[in-house]
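Contents: one structure, followed by commentary.
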Amino acid sequence: MRYSTASGMVMAALSIGEAVAGPAHAHLHRKIHEKKDVDWATLNWDDMGIDWSSAWAAGQATKTSAAVAEATAATVATTTAAAVVAATTSAAAAKATASSSSLSTDLSSLIDDVELLFDSLVGISNTRTSFGSSTAASGSTGDNYLGNVGSPYAANIMKVSSAADYDYTITFTNTKGSGMTVNVWQKVGPDMQLLSGSALAPKNTSLTMYLAKGASQTVAFQENTQIGWAEACSDLAESGAYATTWGEANFVSTGSGYDVSAIMNPNNNNYDMTITSEEAPACTSSRTENMWLTATDPVGTSDGSCYIAQSSAHLTVEMGGTV
């Protein structure tokens, strides 16, 4: 079911399928999927007191000689100093041991995650815990539009524990029988070329995550972010992009959109992916409805996408693998 496009909610400048009805839509959709002019040779892949207590009061309290008082004070001071040093050393050692253990655990977890990722590809924002600054939009609607790509690049995308505090999220769930790596890229790649994100994704991307069988991960996005995603694989198109089915979304306050696209899948429509949203529960994009089979052939009663009229978008993506 297609939703109203009132209040500018059309998916303006969605690299992965401009939501402009008619031939213009198909033309723009095809151009992003077939982008081939990335200049690989020029890419920069590298763009991370101790407070001493006085003991004299104890000596002053007795009517012994000054020498005895001094000796007593010296003894107490020495004993106190030794105790403080011992306690400080013990605490420091314990803290160092705890820090070392924590660091070891964190590094071990990080290494495990990297080893599980397809081709060990770590996304730019894999370890990000807060958004960076937004970047200003520029260009006209279509191929020349540049939305928010984050500053630094990809700071507009991050993994989160819950969707509750964010306006734009996707919860990815692995419904196939084995683990998978999900790769999320932006329309504009890290080389800042307008349509290079998908072509660069297998080597340099915004976010990657490993999902075990049945596992889920929520990802949050800043406003005016345009993205695509796919299960990472070794099959690549001539452009360098993943030759499989993609998911696509555009998050804007005037209305968002999402779709499943088999345009880049050489095996036609053989990948199981379903996208739903809280805001538009009656519109599902999947292998059988509201999706793109080819650049000119939408499936379902809409123009190949689902639309959200509200100023937020909370999507659920189920990825079931090849069917």
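The values are calculated or read from the model by the stated rules, or taken from the named source; none is laboratory data. What you are looking at is a predicted structure, and each value in this text was computed from that prediction instead of being measured. Virtual Cβ from ideal backbone geometry, glycine too; neighbours counted across all protein chains shown.
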Would a scan of segment 184-192 turn up a residue that is assigned by TED's automatic domain parsing to the domain that holds Val252, β-branched (Val, Ile, Thr) and outside any loop (DSSP other than H, G, I, E, B)?
yes
Within segment 141-151, residues surrounded by fewer than 17 Cβ atoms within 10 Å (Cβ to Cβ) and either assigned to a loop (DSSP other than H, G, I, E, B) or in contact with a Phe, Trp or Tyr (Cβ under 7 Å, 6 or more places away or on another chain) (or both) come out as Thr141, Asn144
So, in segment 152-178, how many residues would count as being farther than 17 Å from Ser253 by Cα and either surrounded by 14 or more Cβ atoms within 10 Å (Cβ to Cβ) or not assigned by TED's automatic domain parsing to the domain that holds Ser312 (or both)?
13
Could you run through segment 249-267 and say how many residues are surrounded by fewer than 21 Cβ atoms within 10 Å (Cβ to Cβ) and closer than 24 Å to Leu236 by Cβ?
2
State all residues of segment 153-182 that are farther than 28 Å from Ala137 by Cβ and aliphatic (A, V, I, L, M); if no residue qualifies, say none.
Met180
Mind checking which pairs have a first residue in segment 260-277 that is within 11 Å of Glu248 (Cα to Cα) and not assigned by TED's automatic domain parsing to the domain that holds Tyr307 and a second that is surrounded by 18 or more Cβ atoms within 10 Å (Cβ to Cβ) and at pLDDT 95 or above, Cβ under 7 Å, 6 or more apart or different chains?
none
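Just to be sure I understand, how many residues within segment 251-273 are closer than 15 Å to Asp303 by Cα and not in a loop (DSSP other than H, G, I, E, B)?
Residues that pass the stated criteria total 6.
Of these, Thr276, Thr288, which one is among the β-branched types (Val, Ile, Thr) and assigned to a loop (DSSP other than H, G, I, E, B)? Working first, answer last.
On the way: Thr276 fails: assigned to a loop (DSSP other than H, G, I, E, B).
Of the residues listed, the single one that is among the β-branched types (Val, Ile, Thr) and assigned to a loop (DSSP other than H, G, I, E, B) is Thr288.
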Is it the case that Asn204 is part of a strand (DSSP E or B), polar (S, T, N, Q) and touching a Gly at 6+ places or on another chain (Cβ under 9 Å)?
no
Pairs, please: C-beta under 6 Å, at least 6 apart or cross-chain, first residue within 22 Å of Gly147 (Cβ to Cβ) and in segment 197-213, second among the basic types (Lys, Arg) and at pLDDT 95 or above?
Gly197/Lys187
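Given the structure, is Tyr166 of a type in the set (Phe, Trp, Tyr), outside any loop (DSSP other than H, G, I, E, B), under 16 Å from the mean Cα position of the chain (by Cα) and more than 21 Å from Ile263 (Cβ to Cβ)?
Numbers: of a type in the set (Phe, Trp, Tyr): yes; outside any loop (DSSP other than H, G, I, E, B): no; under 16 Å from the mean Cα position of the chain (by Cα): yes; more than 21 Å from Ile263 (Cβ to Cβ): yes.
Here the answer is no, as Tyr166 does not meet what is asked.
Please go through segment 296-309 and give me each residue that is crowded, with 18+ Cβ neighbours inside 10 Å and at negative phi, ordered by number. Before the answer, list the steps.
Here is the first cut: in segment 296-309, the ones crowded, with 18+ Cβ neighbours inside 10 Å are 298-300, 302-308.
Across segment 296-309, the qualifying residues are Pro298, Val299, Ser302, Asp303, Ser305, Cys306, Tyr307, Ile308.
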Scan segment 268-295 for residues that are buried (at least 21 other Cβ atoms within 10 Å of the Cβ) and at pLDDT below 95 and jot them down.
Ala295
Against the condition within 17 Å of the chain's Cα centre (by Cα), part of a loop (DSSP other than H, G, I, E, B) and under 19 Å from Ala280 (Cα atoms), how does Glu248 come out, does it pass?
no
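How many of the residues making up segment 215-243 are polar (S, T, N, Q) and touching a Leu at 6+ places or on another chain (Cβ under 9 Å)?
Here is the first cut: in segment 215-243, the residues polar (S, T, N, Q) are 216-218, 222, 224-226, 234, 239.
Filter once more, keeping what is touching a Leu at 6+ places or on another chain (Cβ under 9 Å): 217, 226.
Looking only at that region, the number is 2.
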